[in-house]
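We did not get these values from a lab; they are worked out from the coordinates using the rules stated. Note that this is a predicted model, so its numbers are computed, not measured. Here Cβ is always computed from backbone atoms with ideal geometry, including for glycine, and neighbour counts include all displayed protein chains.
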Amino acid sequence: MSVYDTCRVCGREPVRWDLRLFEDVLLCPVHEALTRDAVQETSSRPSWESPFGVWLAIGSYDSDGREFVVCSRDRGHSSTHDVGTLCRWCVTSYVEMVRYSREEVLARCETDPEDVRYRDEIRRRQTQLLRAVEIRLVTKDEALQVLERLARPLRGASV
Ligand SMILES: [Zn+2]
Ligand SMILES: [Zn+2]
């Protein structure tokens with residue numbers, strides 16, 4: 001599978017196109033649900049407090065009769081689409097942010113295991129991973145793998 005037909009966040013198999021929040025924003029069931037919930041949670045907030053804008057009419061149409069729209073949150077986002085639906089660019093940048101947070105949580109540890117701060121670093125990462133599992137950024141198995149990798153040098157040292 002190429003990078004273009006997998007989840008934008010984790011690279012897993014995406015949900016079927018007709019069940020997607022956006023046909024062209026590919027997400028696996030877990031990250032699709034996460035994004036949907038985020039949209040739902042923020043839908044009652046004023047637009048400047050939500051990461052998701054909706055399309056507003058500007059009163060003009062293209063030659064095929066499709067309505068030009070701008071995003072309620074960021075006037076730089078524009079398209080032709082149905083008025084009142086979610087801005088695709090806002091969803092895309094939210095998904096990018098999720099992907100970045102996930103990579104950060106799963107990243108290798110930069111602290112040297114010999115360093116006295118290594119144990120504190122592991123503790124910090126553990127808290128971070130627990131939180132990431134809670135908000136469905138990573139799976140429990142992924143979190144355990146990272147922890148296992150982080151703890152390995154310590155075990156080696158105690159022998
Ligand atoms: Zn995913
Ligand atoms: Zn937008």
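Things to note:
- Between 0 and 90°, nearest 10: helix 29-42 axis offset from the chain longest Cα axis: 60 degrees
- A simple rule links phi to the HN-Hα coupling: the Karplus curve 6.51 cos²θ - 1.76 cosθ + 1.60 with θ = phi - 60°, which for region 138-147 gives 10, 8, 4, 4, 5, 4, 5, 4, 5, 4 Hz, with x for Gly and Pro.
- For region 24-97 and region 99-159, distance of Cα centres in Å: 34 Å
- Length gained when the stretch Glu96-Glu148 is fully extended (0.36 nm per residue, less Cα-Cα span): 16.0 nm
- Charge dipole (Cα centre; +1 on Lys/Arg Cβ, -1 on Asp/Glu Cβ; no other charges) of the chain amounts to roughly 580 debye.
- Once C-alpha pairs closer than 8 Å and six or more residues apart are averaged by separation and normalised to the residue number of region 3-96, the relative contact order reads 22 percent.
- Mean separation of Cα pairs under 8 Å and 6 or more residues apart, divided by the residue count, gives region 78-159 a relative contact order of 29 percent.
- For region 46-58, 3J(HN,Hα) per residue [Karplus equation, 6.51 cos²θ - 1.76 cosθ + 1.60, θ = phi - 60°, Hz, x = Gly/Pro]: x, 4, 6, 9, 9, x, 10, x, 10, 6, 10, 6, 10
- Order of Leu21, Leu129 - criterion: other Cβ atoms within 10 Å of each residue's Cβ, fewest first: Leu21, Leu129
- Convex hull per residue volume in Å³, alpha carbons only, for the chain: 149 Å³
- The chain: angle of helix 118-134 to the longest principal axis, Cα-based, in degrees nearest 10: 40 degrees
- Sequence-distant residues sharing a close amide H with Ser79 (under 5 Å, placed H): Val69
- Peptide packing: for 39-47, 75-83, the average count of neighbouring Cβ atoms within 10 Å per residue gives the ranking 75-83, 39-47, highest mean first.
- With the convex hull of the Cα atoms taken as the outline of region 107-155, the averaged projected area works out to 3.1 nm².
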